[in-house]
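These notes concern the structure reproduced below.
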Amino acid sequence: MKNPLLTMYKKIRPFLFLPVLALSACASKQDLLVVEDNLKKLKTDSETIKSQSAVSYSDVQQVRDDVSRLQGSIEEISHNNRLTFGRLGMEDSLLVHKVDELELRLQKMEQYIALAKEQSPPSAAPLQQNDTVQSAQKPSALTDAALLEEGRERLKSKNYVASRESFGLLMQRTPPSALADQAQFFIAESYFGEKWYEKAILEYQVVIAKYLKSNKRPEALYKQALSFEFIGDPANAKARFKDLVNVYPDAPQATQARKKLQ
């Protein structure tokens, strides 16, 4: 005989779990909403992080570019400094700043001067009377350019003493003439033309040491080197040829100096 209570329980048992299932369903929907909300927040945070990362990357790249430019500037400055110091070193050689070298050169110059005093210039001619009269009549009337041209014409005529008078008047002007470096160079040329090489060396040195920006400086170096050659001083001649090539590598005289050094 079946128990009525058991039969009733079996009939109503399926309905006992309905509230639990309903509660579970409600809980699952609530969790889903929370998860969706968290997912949205994560997406938003992810986008924000991406945006911030892009800005940070741009900043980092900008810093890298700035560092690269600074490194390039530093390298360029270093390169320019090396060139400047190299040029200054060569100028030191030209201006004879080293004490031991200066003493040696002074001794040789003194020897050249002593020798020059014992010798009379081979082709020196007395100042012609006409030149003397001309110079006495109009020394101050001539412009700087006219005095320079007059001296050069006399130099071409091998009237060396008269040419030096014209160049000397130009160099005595106050304020100093802009053509003074040219006059000094041609004074040296007059002694070179007379083959008075010891004196020419001294006069070319004035151009080299005093007129640093003169366009006659490369030629003065070359002619001074030749003068050293002619008096039998190959060491100083070679030193001057090297100075010319180093300081004025593009000058026409540098090509001739290179041939001398070969």
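None of the figures in this text is laboratory data; all of them are computed from the coordinates on show. Please read these numbers as outputs of a predicted model, since none were measured by experiment. Here the Cβ is made from the backbone with ideal geometry for all residues, glycine too, and neighbour counts use every protein chain on show.
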*Which residues does a label at K156 reach in the stretch 183-218, if reach means a backbone N under 16 Å from a point 7 Å past the Cα toward the Cβ?*
186, 190
*Could you tally the net charge around P252, taking each other residue with its Cβ under 15 Å from the Cβ of P252, Lys/Arg +1 and Asp/Glu -1?*
+4
*asked:* For R173, project a label point 7 Å along Cα to C-beta. Then give me every residue of the stretch 204-220 with its amide nitrogen under 15 Å of that point.
replied: none
_For a protection proxy built on the mean count of beta-carbon atoms within 10 angstrom, sort 179-190, 251-262 highest first, please._
179-190, 251-262
*asked:* Among the listed pairs K216/K238; K156/K216; K216/K242; K156/K210; K158/K238; K195/K216, which have their C-alpha atoms separated by more than 23 angstrom in this model?
replied: K156/K210; K158/K238
